[in-house]
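> Sending over a structure as structure tokens; questions will come in a sec.
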Amino acid sequence: MVDRFQILSLDGGGIRGLFSASILAALESDLGITIRDHFDLIVGTSTGGIIALALGLGLSPDAVVDLYFDQGKKILSNRLGWRTLRQGLRSKYSARALEHALRNDAVFGNRLLGDSTKPLVIPSYSLESDDVYLFKTDHSRRLRRDWKVPAWQVALATCAAPTYFPASSHIGCLRHVDGGLWANNPILVGLSEAVSIFNRRLDEIRVFSLGTTKSVSPRKERLDGGGALQWLCESKNLFLRGQSLSATNLAIHMLGQSNVLRVDPEVPQRSFGFDKISRRSALKARALHESRKIAPAFECMFADHIAVAREVCRESQPQDARKGVQT
């Protein structure tokens, strides 16, 4: 019998993370399970990083859904649309409201990344070193630093989407921006971690990969010979979609179709935007519809596996670790 290793992979997508959280909440309710119990590793980018951290720190998917509903309007407030006008020159939103929400004791409080009960990998990007950056729990003896970082700081680092939020500089004065720049769909990040750090064979791995819905528009013919202005409007969506498709397809190629469950439904164009908070209820409704369809496949593929307790691989844990981290 194969000793299975299961990965939960959570895409970025702003307020659309409500879709992912609602899917997980519905699966817990329908199947009578606790989602985190069935995964050996959780990876999440941007809004998916918030969900990954929440699950690791013991919050339920229902609590994350409530967070999006209760705090979404404060975090993404755009009265009279004036923030849209300023987005061409500076970040659309301040990170203060997001930081306040995450530092609430009912969310992350002063807990550290290392307080997670699950192994976590959270992608970000360092502008300081112009390099990818992965925050990891101490699930290997070579991982000695990130566990000391407050979870809310990790969340701000992975969520600092360019033009929407400013770069986060809370951690060692490094300037971190959204991990979605290179791994908005972090499925390959999780797969790489399973093989290189957990020493798992490909035939042992299964992945539940949650997107945040995709809106596919026709690619206009003017792009065929277009210049900078024509491509500027399309480049962001094409980049994110291309990265996501290639990551998913490579994972399926390596693991086999039967070992990857990808949920990322196509929706009408402009249905759910990165910061379209007015559509939260509709987004949750779509998640309830999709969860009903995938529940049998999820139960068959993932529910019979219970993950072992996370091994903590730190040599020592200073009692004042929380005091020693920059805040």
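The values are calculated or read from the model by the stated rules, or taken from the named source; none is laboratory data. This is a predicted model, so every value here is computed, not measured. No Cβ is skipped: glycine too gets one built from the backbone with ideal geometry, and neighbour counts run over all protein chains shown. SASA here: full protein model, heavy atoms, side chains in, ligands and nucleic acids out. Shrake-Rupley method; radii C 1.70, N 1.55, O 1.52, S 1.80 Å.
> Name the single residue, out of those in region 255-268 being under 22 Å from Gly48 (Cα atoms) and either acidic (Asp, Glu) or in a helix (DSSP H, G or I) (or both), that is modelled with the lowest pLDDT.
Among them, the one singled out is Glu266.
> Output the number of the condition that Arg175 fails; it satisfies all remaining conditions of (1) closer than 19 Å to Glu99 by Cα; (2) surrounded by 24 or more Cβ atoms within 10 Å (Cβ to Cβ).
Here Arg175 clears every test but (2).
> Could you please tell me which pairs satisfy a Cβ distance under 6 Å, a separation of 6+ or placement on different chains, a first residue in region 274-298 that is more than 17 Å from Gly13 (Cα to Cα) and of a type in the set (D, E, K, R), and a second residue that is part of a loop (DSSP other than H, G, I, E, B) and open to solvent by less than 60 Å² (accessible area, probe 1.4 Å)?
Once the first residue is more than 17 Å from Gly13 (Cα to Cα) and of a type in the set (D, E, K, R) and sits in region 274-298, its partners that are part of a loop (DSSP other than H, G, I, E, B) and open to solvent by less than 60 Å² (accessible area, probe 1.4 Å) give Glu290/Pro265.
> A further question follows. Kindly list, by first and then second residue, each pair from a residue in region 227-254 that is in a helix (DSSP H, G or I) to a residue that is at pLDDT below 90, limited to pairs with Cβ atoms under 7 Å and residues at least 6 apart or on different chains.
Gln230/Arg222; Gln230/Leu223; Trp231/Leu223; Glu234/Leu223; Arg241/Lys214
> List the helices (runs of 4 or more DSSP H) that sit entirely inside region 7-105 and contain at least 1 residues that are modelled with pLDDT under 95 and surrounded by 24 or more Cβ atoms within 10 Å (Cβ to Cβ).
61-75
> If you don't mind, there's one more thing I want to ask. In region 255-272, how many are of a type in the set (Lys, Arg) and more than 17 Å from the chain's Cα centre (by Cα)?
Residues in region 255-272 being of a type in the set (Lys, Arg) and more than 17 Å from the chain's Cα centre (by Cα): 1 in total.
> Just checking, how many residues over region 148-164 are touching a Lys or Arg at 6+ places or on another chain (Cβ under 8 Å) and open to solvent by 10 Å² or more (accessible area, probe 1.4 Å)?
Within region 148-164, residues that are touching a Lys or Arg at 6+ places or on another chain (Cβ under 8 Å) and open to solvent by 10 Å² or more (accessible area, probe 1.4 Å) number 2.
> Another question about this same structure. Only one of these is β-branched (Val, Ile, Thr) and in contact with a strand residue (DSSP E or B) (Cβ under 7 Å, 6 or more places away or on another chain): Val154, Val195. Name it.
Val154
> Got at least one residue in region 269-291 being of a type in the set (Val, Ile, Thr), modelled with pLDDT of 95 or more and touching a helix residue (DSSP H, G or I) at 6+ places or on another chain (Cβ under 9 Å)?
No, every residue in region 269-291 fails to be of a type in the set (Val, Ile, Thr), modelled with pLDDT of 95 or more and touching a helix residue (DSSP H, G or I) at 6+ places or on another chain (Cβ under 9 Å).
> Limited to region 106-130, what total is found for residues that are charged (D, E, K, R) and modelled with pLDDT under 95?
Looking only at that region, the number is 2.
> Going residue by residue through region 215-233, is there one that turns out to be at pLDDT below 95 and of a type in the set (Val, Ile, Thr)?
yes
> Being open to solvent by 10 Å² or more (accessible area, probe 1.4 Å) and either within 19 Å of the chain's Cα centre (by Cα) or of a type in the set (Ser, Thr, Tyr) (or both) is the filter here, so list the residues in region 120-130 that pass it.
Correct list: Tyr125, Ser129.
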